[in-house]
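Here is the structure we will look at, set down as structure tokens.
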């Protein structure tokens, strides 16, 4: 990929009057003409699916004695209502009662835009710039005779909204909505899993296209640009493309120091995209040229660690037991102990869905039992500070017969793409 500062691109555009700046920027993109969109069969989440989600939430609310749930803009609002809206100082939120239809609360002048993505039957109630949006929420709760019942608040709702609700309803008992929102979102349905599978397929195909194009002298940014270009062409929306080379690969989330591929370099790539909002997350560790005996051993230890985690993921087992199984294995090899380095300094995996990281995690002491429909990353990396790191990451979902991969882990360091 042509890697030039933007100011130099602008200068080049001025010297080429027949080519606009957007055209020049497109010309600088990698040639992905040998790829095609593989997401044509993606089925968006429809109204029936969202109504079913609300029904499951309401069932949990009644079982928990929660009268209503407040959900602010973000992935949970999209999950239940279809509304995609950014957060600002102006509150846009949903109130889901234990019975009956929800409402959307939003500024008056935003209502037409917010309504465009509304995917369920719901009244849109507005507030003017000189009004309090939490007063609108409180009025709805009073109308539905819910003001004296516990009000669940989704865990990412900001303090100003919670504080405003307390002031609007001084006698209200405000509780966590985790038993409702987490409880529903953690268990993915077939339509969700199908979209996550497509997103994973895109990421794997992008890896297969990108890695053969890596050459000595390439920077982490240039490799990431290749990956992103391939992902877009294949039909995914790039979410992240972390590329770590040699010593930087020992830092799970990277370094700002310059990184360049050389013969024998360890190249750790952690990449993901979305399809219809649902995420993939796949890591691969390559070696440009011939791997050293030490790198080969560590790579093999991580590959085995992935399989140990997968084998430990059994229905009904505490999520933390998966992390524990990996650490027992690594400690038997002399890594750690626990989260110490050289070894595995982070959890074995995280939940995934509409968000790249969702509750719950595969981490020590997490007691939530694994259940059908839960989705996780499996990424028990090993990191040797100042030298290199290896991370292999594939996601799986729990089925009635146990875990199932979204992407098959690679077989060996000599066949890092399987």
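The values are calculated or read from the model by the stated rules, or taken from the named source; none is laboratory data. Remember, it's a predicted structure, so these values are computed and weren't measured experimentally. We place every Cβ from the backbone using ideal geometry, glycine too, and count neighbours over all the protein chains shown.
Here are some notes:
- If only residues of the stretch 76-104 that are surrounded by 19 or more Cβ atoms within 10 Å (Cβ to Cβ) and out of contact with any strand residue (DSSP E or B) (no Cβ under 7 Å at 6 or more places or on another chain) are counted, the one that is nearest to residue 178 (Cα to Cα) is 76.
- Residue match in the stretch 246-258 (condition: surrounded by 24 or more Cβ atoms within 10 Å (Cβ to Cβ), outside any helix (DSSP H, G or I) and under 22 Å from the mean Cα position of the chain (by Cα)): no
- Each residue in the stretch 87-112 was checked for being closer than 16 Å to residue 141 by Cα, free of Cβ contacts under 8 Å to residues at least 24 places away in the same chain and in a loop (DSSP other than H, G, I, E, B), and 1 pass.
- Qualifying residue in the stretch 330-350 (condition: in the same structural domain as residue 396 (by TED's automatic domain parsing), touching a residue at least 60 places away in the same chain (Cβ under 8 Å) and more than 20 Å from residue 252 (Cβ to Cβ)): no
- Taking the stretch 1-85 and the helices (runs of 4 or more DSSP H) fully enclosed by it, the elements with 3 or more residues that are outside the structural domain of residue 236 (by TED's automatic domain parsing) and modelled with pLDDT under 95 are at 6-15, 21-27.
- Residue in the stretch 268-284 that is surrounded by fewer than 24 Cβ atoms within 10 Å (Cβ to Cβ) and farther than 24 Å from residue 198 by Cβ present: no
- Number of positions in the stretch 351-382 that are crowded, with 24+ Cβ neighbours inside 10 Å and assigned to a strand (DSSP E or B): 6
- The residue pairs whose first member lies in the stretch 389-418 and is assigned by TED's automatic domain parsing to the domain that holds residue 204 and touching a residue at least 24 places away in the same chain (Cβ under 8 Å), whose second member is assigned to a strand (DSSP E or B) and surrounded by fewer than 20 Cβ atoms within 10 Å (Cβ to Cβ), and whose beta carbons are closer than 9 Å, counting only pairs six or more residues apart or on different chains, are 390/384; 394/405; 395/405; 396/404; 396/405; 397/404; 397/405; 398/404.
- Unique residue being out of contact with any strand residue (DSSP E or B) (no Cβ under 6 Å at 6 or more places or on another chain), surrounded by fewer than 24 Cβ atoms within 10 Å (Cβ to Cβ) and under 17 Å from residue 247 (Cβ atoms) when the list is 292, 321: 292
- Of the listed requirements (1) within 23 Å of the chain's Cα centre (by Cα); (2) under 30 Å from residue 44 (Cα atoms); (3) in contact (Cβ under 8 Å) with a residue 12 or more places away in the chain, residue 190 misses just one: (3).
- Condition met for residue 73 (surrounded by fewer than 21 Cβ atoms within 10 Å (Cβ to Cβ) and without any contact (Cβ under 8 Å) to a residue 40 or more places away in the chain): no
- With respect to the stated conditions, residue 209 fails to be touching a strand residue (DSSP E or B) at 6+ places or on another chain (Cβ under 8 Å), in a helix (DSSP H, G or I) and either modelled with pLDDT of 95 or more or not assigned by TED's automatic domain parsing to the domain that holds residue 380 (or both).
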